[in-house]
Amino acid sequence: MEFITSDEVQKFTRNNGRFVAETVNGRKVDFDLLTYGVGLDYYTEPVRKEVEIKSGIVTDAKLRTSAADAYAAGDIAVFYDLMVERHNQMGTWDNAEAHGRVAARNMAGADEDFFDVPTYTTTMFGSTLAVMGVTPDVQPDLESVRTFSFEEKFYRKLFFKDDRLVGAIMIGPPKGRKKLIEIMRSRRKIERPKQELLDPANLKD
Ligand SMILES: Cc1cc2nc3c(=O)[nH]c(=O)nc-3n(C[C@H](O)[C@H](O)[C@H](O)COP(=O)(O)OP(=O)(O)OC[C@H]3O[C@@H](n4cnc5c(N)ncnc54)[C@H](O)[C@@H]3O)c2cc1C
C-alpha cells in the first residue's frame, strides 16, 4: 500500500484491462479496486426558511433549533458540543441514537444537555484502529502527546484541550480504551504529566 499525499486524482482511465488514476501532479497510478468517500450531503431544503442552517440544522447543547419547540438530532444536527465547546456535526450511528434520546426527552419536557464521547473502532490490516472523542480534523488547535513502536505495531495519540483529555487515536491493541473514555466523560483536568496516559499500565481502575 502506498499513501499519496498533497496530490489529487484528476481522472481515471482504463488501459488494456488495467485501471489507471492520473493525478494533478502528473503521476499515473495503477489500481485494481477503487473506493472513495464522497462525504455527507445534508437535505435541509424543507426547513431552510424556518430554522438556522449552516451545513446542517444548528442547535444548542439541548438540541433545540432556533425555532420554538423544534429539535434536530443525528447527522443533520450541527449541535453545540460541550466536549469541545463549539458547534460540531457527527455522522455515526452512536451519535444519532444518543442525540435521539436527549432530543426526545427534551421534547417531552426535560432540560438535558447532550454530552457524549463519540467512539469508532474498526479492524484492518490485522490491526485495530480505535478513535475516540475529538481529533484535529474537527478541532485543529488541540494539544497532543503520542507514542509508537513499529516493532510492537502500535501507535497512540492523545488530544487535550485546556488540560482536559478530549480525544484519542489508537492503532494496535486498544488497551486502556475504556478508561480513556471514562476520563474524557468526566471532563476532569489532567493533573499528572500527560505522557503518563499513553501507557496502558497507568490506565487501570
Ligand atoms: C454506506 C454507509 C455506511 C455507514 N456505516 C456506518 C458505520 O459503520 N458506523 C456508523 O456508526 N455509522 C455508519 N454510517 C452512518 C450512519 O448510517 C448515520 O450516521 C446514521 O444513519 C444517521 O442517522 P440519522 O437518523 O441522523 O439519519 P438517517 O439514518 O439518514 O435518517 C434520516 C431519515 O430521514 C428521512 N428523510 C429525509 N428527508 C425527509 C423528508 N423531507 N421527509 C421525511 N423523511 C425524510 C430519510 O429517508 C431517512 O430515513 C454509515 C452511513 C452510510 C451511508
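The values are calculated or read from the model by the stated rules, or taken from the named source; none is laboratory data. Note that the structure is predicted; figures quoted are calculated from it, not measured. Every residue, glycine as well, gets a Cβ built from its backbone with ideal geometry; the counts of neighbours run over all protein chains shown.
A few comments on the model shown:
Yes or no, residue by residue, for (1) in the same structural domain as D81 (by TED's automatic domain parsing); (2) surrounded by 16 or more Cβ atoms within 10 Å (Cβ to Cβ); (3) of a type in the set (A, V, I, L, M, F, W, C):
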position	(1), (2), (3)
S127	no, no, no
P140	no, no, no
E151	no, no, no
K157	no, yes, no
D163	no, no, no
V166	no, yes, yes
G172	no, yes, no
G176	no, yes, no
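- So A98, is it assigned by TED's automatic domain parsing to the domain that holds D81, closer than 19 Å to S186 by Cβ and within 16 Å of the ligand (Cβ to nearest atom): yes
- The requirement of being in a loop (DSSP other than H, G, I, E, B), exposed (fewer than 12 other Cβ atoms within 10 Å of the Cβ) and either in contact with an Asp or Glu (Cβ under 8 Å, 6 or more places away or on another chain) or aromatic (F, W, Y) (or both) is fulfilled nowhere in segment 102-118; no residue meets it.
- Test: residue in segment 87-96 that is of a type outside the set (A, V, I, L, M), at negative phi, buried (at least 18 other Cβ atoms within 10 Å of the Cβ) and in a loop (DSSP other than H, G, I, E, B): yes
- Strands (runs of 3 or more DSSP E) lying entirely in segment 134-183 (those with 2 or more residues that are of a type in the set (A, V, I, L, M) and farther than 18 Å from D116 by Cα): 164-171
- Any hit, segment 137-145, residues being among the β-branched types (V, I, T), out of contact with any Pro (no Cβ under 8 Å at 6 or more places or on another chain) and in contact (Cβ under 8 Å) with a residue 12 or more places away in the chain: yes
- Any hit, segment 21-34, residues being more than 16 Å from the ligand (Cβ to nearest atom), of a type in the set (S, T, N, Q) and in a loop (DSSP other than H, G, I, E, B): yes
- Residue in segment 58-79 that is within 10 Å of the ligand (Cβ to nearest atom), of a type in the set (A, V, I, L, M), part of a helix (DSSP H, G or I) and surrounded by fewer than 19 Cβ atoms within 10 Å (Cβ to Cβ) present: no
Per-residue answers, yes or no, for (1) modelled with pLDDT of 90 or more; (2) of a type in the set (S, T, N, Q); (3) closer than 16 Å to T59 by Cα:
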site	(1), (2), (3)
A73	yes, no, yes
A104	yes, no, yes
V117	yes, no, no
T121	no, yes, no
V134	no, no, no
Y155	yes, no, no
R164	yes, no, no
M170	yes, no, no
P173	yes, no, no
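- Evaluation of T122 against (1) in contact with a Leu (Cβ under 6 Å, 6 or more places away or on another chain); (2) over 30 Å from R156 (Cα atoms); (3) exposed (fewer than 13 other Cβ atoms within 10 Å of the Cβ) (one fails), failing number: (2)
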